[in-house]
Amino acid sequence: MAEEAIRFWFCSRDKSFAEVVERALGSGYQIRHTDLDGAGSMVHTRQHADAILLDAPSAGPEGYEDILRLMYALQRAPQPAPPIVVMLHEDQQDAVRTFIENGAYETLASPPDILELRVVLRRARRYHQIETDLYQSRSRPQTSGQLDEMMGCTESIQQVIEMARKVAACDASVLITGETGTGKELLARAIHRLSQRANGPFVPFSCANLPETLIDDELFGHERGAFTGAVGVRRGRFEAADQGTVFLDEIGDLALSLQAKLLRVLQERSFERLGSSNPLNADVRVICATHHSLEEMVQDGQFRMDLYFRLNVVQLQLPSLRERREDIPLLAQHFLRQYAKQFGRPSRRVSQLAMHALEEYPWPGNVRELENVIQRAVVLAEGQTLEPRHLPKELQYGFVQSSASNLYEEEVQDFKRRLILRTLRECKGSRTETARLLGVTRGCLYRLINQLNLHTQEENLATIEGSGEDHEAQVGAGQR
């Protein structure tokens, strides 16, 4: 199925320039032209647009104020399309920061490099789609059939969400696996809210790094006098979760002796407090989570096989953030809105360069680390836009804006290098698909790879998955 055309407004007093840009972009782009003087009415139009291209040079020497007023009007509109400002090279040092901090999605030199313009428009559409999805999610009334907390459009996370909806309707035990920070407790809470036990309590408990006696006491409680200091009766987590759900995080850290006690609870639905021989009923649903491989622990004798089968009635595997990079912009914007509102900050968007830094970082801490990074950036940001300088140092490498002494040509070369490498990675090394997305011929792509010395950069090629087509491309590039 052919990709839907990118639709955008071109606001310029020079209609012939807009026509030249339209011809250069070629198929796959639908342009609506409007004069800058009448662009204000565009804010209220119901016609869909993925982006808005603002031709600042056509506004004249004093016309930047008109551009800024138009951008202010755009910001007040619901679900505004991201504005892209085309500006003269010599004006960049003074005006780029002003435009970016007042809501511009990106700035381009005039006349724009068509390869760069295609990519910026494609990414602007993706950004606008994310903003629209978030707006619709906030406007949609909450229903019991949604898992709004589990955000993502990738197939891997959508499969988990669909499975969670199905398993929530029954009382089967659920085992949630995944790396630390992937949102296992969030998923467990969502399953509880969708279940028949939604009106009952959700009681979480982490088994990690706690002494065996303390875990026993926390889970099952104790009677008065059960041990020194036990001056009264204490209810455990299972007793507190009656008619609800117990969530046991890091179940792989549970001692073998407590595994036997937990197995009895699952089999007989009863337990005893410490210091008592009177059984208590436990009408609870058990959801467990771990970042360990319980199968390997069973083979090593570190986890009971019978308990493993009791817990693993349904297993939900949460993907790491590295495996769902397409969801990073959606999650980043969600956390940005959340913490900007919480802290009363003006932050509204993540700059394109900062978003690239977020997308290329490996995220060992997964979604939790991303949330912390955005929270920190919201606190540090002075204006409406989060820039690379607001991110931790390990994310800033190579993305902090160049100093004024750097030549513009060097910045363009660096942009092209990052663009080609990132697109190659997205296309899993396919030169044909990369050339198609960039809107260039394969021969042109080979020449760019050679000109930018990308084929000699081992650390960059390591990010690209090898394929038979890669080898063909390298051979073809050598013949040209």
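The values are calculated or read from the model by the stated rules, or taken from the named source; none is laboratory data. Everything numeric here is computed off the predicted structure, so don't read it as measured data. Glycine gets a Cβ as well: all are built from the backbone with ideal geometry, and neighbour counts include every protein chain shown.
Filtering segment 6-18 to residues that are assigned to a helix (DSSP H, G or I) and out of contact with any His (no Cβ under 8 Å at 6 or more places or on another chain) leaves 16, 17. Is there a residue in segment 207-220 that is outside the structural domain of residue 370 (by TED's automatic domain parsing), aromatic (Phe, Trp, Tyr) and touching a strand residue (DSSP E or B) at 6+ places or on another chain (Cβ under 6 Å)? For segment 207-220, residues outside the structural domain of residue 370 (by TED's automatic domain parsing), aromatic (Phe, Trp, Tyr) and touching a strand residue (DSSP E or B) at 6+ places or on another chain (Cβ under 6 Å): present. Within segment 85-97, does at least one residue satisfy the condition of being farther than 30 Å from residue 434 by Cβ, at pLDDT 75 or above and surrounded by 15 or more Cβ atoms within 10 Å (Cβ to Cβ)? Checked segment 85-97: no residue is farther than 30 Å from residue 434 by Cβ, at pLDDT 75 or above and surrounded by 15 or more Cβ atoms within 10 Å (Cβ to Cβ).
For residue 285, state whether it is in contact with a helix residue (DSSP H, G or I) (Cβ under 9 Å, 6 or more places away or on another chain) and surrounded by 19 or more Cβ atoms within 10 Å (Cβ to Cβ).
Working: in contact with a helix residue (DSSP H, G or I) (Cβ under 9 Å, 6 or more places away or on another chain): yes; surrounded by 19 or more Cβ atoms within 10 Å (Cβ to Cβ): yes.
It is true that residue 285 is in contact with a helix residue (DSSP H, G or I) (Cβ under 9 Å, 6 or more places away or on another chain) and surrounded by 19 or more Cβ atoms within 10 Å (Cβ to Cβ).
Can we say residue 235 is assigned by TED's automatic domain parsing to the domain that holds residue 177, surrounded by 16 or more Cβ atoms within 10 Å (Cβ to Cβ), over 17 Å from residue 310 (Cβ atoms) and not aliphatic (A, V, I, L, M)?
No; evaluated as a whole, the condition is false for this residue.
From the list 247, 303, the one residue that fits, being crowded, with 22+ Cβ neighbours inside 10 Å, aromatic (Phe, Trp, Tyr) and under 18 Å from residue 204 (Cα atoms), is 247. Only helices (runs of 4 or more DSSP H) whose full extent lies in segment 419-469 are considered here, and the ones with at least 1 residues that are under 26 Å from residue 26 (Cα atoms), at pLDDT 80 or above and of a type outside the set (Val, Ile, Thr) are 431-438, 442-451.
Residues in segment 25-46 include at least one that is modelled with pLDDT of 75 or more and loosely packed, with under 11 Cβ neighbours inside 10 Å.
Starting from residues that are of a type outside the set (Gly, Ala, Ser) and without any contact (Cβ under 8 Å) to a residue 40 or more places away in the chain, keep the ones in segment 214-260 and report whichever is farthest from residue 298 (Cα to Cα). If you could, list the steps in order and put the result at the bottom.
To start, the set of residues in segment 214-260 that are of a type outside the set (Gly, Ala, Ser) comprises 214-220, 222-224, 227-228, 231, 233-235, 237-239, 242-243, 245-251, 253-254, 256, 258-259.
Going one step further and asking which of them are without any contact (Cβ under 8 Å) to a residue 40 or more places away in the chain, we end up with 214, 218, 228, 231, 234-235, 237.
Details: 214: 24, 218: 25, 228: 35, 231: 39, 234: 33, 235: 31, 237: 26 Å.
Per the stated criteria, the residue is 231.
Residues in segment 388-417 that are surrounded by 18 or more Cβ atoms within 10 Å (Cβ to Cβ), modelled with pLDDT of 85 or more and not in a helix (DSSP H, G or I): 391 only. A Cβ distance below 6 Å, combined with a sequence gap of six or more or placement on separate chains, defines the contacts here; from segment 181-206, residues that are on the phi < 0 side of the Ramachandran plot reach residues that are polar (S, T, N, Q) in the pairs 182/366; 192/245; 197/245; 200/243; 202/245.
Considered as a group, the residues in segment 171-215 that are surrounded by fewer than 17 Cβ atoms within 10 Å (Cβ to Cβ) and among the β-branched types (Val, Ile, Thr) include one that is farthest from the chain's Cα centre (by Cα), and that residue is 213. Output the residue which, of all residues in segment 153-170 that are closer than 17 Å to residue 244 by Cβ and surrounded by fewer than 16 Cβ atoms within 10 Å (Cβ to Cβ), is nearest to the chain's Cα centre (by Cα). Looking at the filtered set, the residue picked out is 169.
Only one of the listed residues (318, 331, 280) is within 20 Å of residue 208 (Cα to Cα) and either without any contact (Cβ under 8 Å) to a residue 60 or more places away in the chain or among the hydrophobic types (A, V, I, L, M, F, W, C) (or both). That residue is 318.
Screening 307, 219, 194, 258 for residues that are hydrophobic (A, V, I, L, M, F, W, C), farther than 21 Å from residue 171 by Cβ and in contact with a helix residue (DSSP H, G or I) (Cβ under 7 Å, 6 or more places away or on another chain) leaves exactly one candidate, 258. Each residue in segment 351-387 was checked for being touching a residue at least 24 places away in the same chain (Cβ under 8 Å), outside any loop (DSSP other than H, G, I, E, B) and either assigned by TED's automatic domain parsing to the domain that holds residue 418 or of a type outside the set (Lys, Arg) (or both), and 21 of them qualify.
Can you pull out every residue in segment 199-220 that is farther than 13 Å from residue 286 by Cα and part of a helix (DSSP H, G or I)? Of everything in segment 199-220, those that are farther than 13 Å from residue 286 by Cα and part of a helix (DSSP H, G or I) turn out to be 212, 213, 214, 215, 216, 217, 218, 220.
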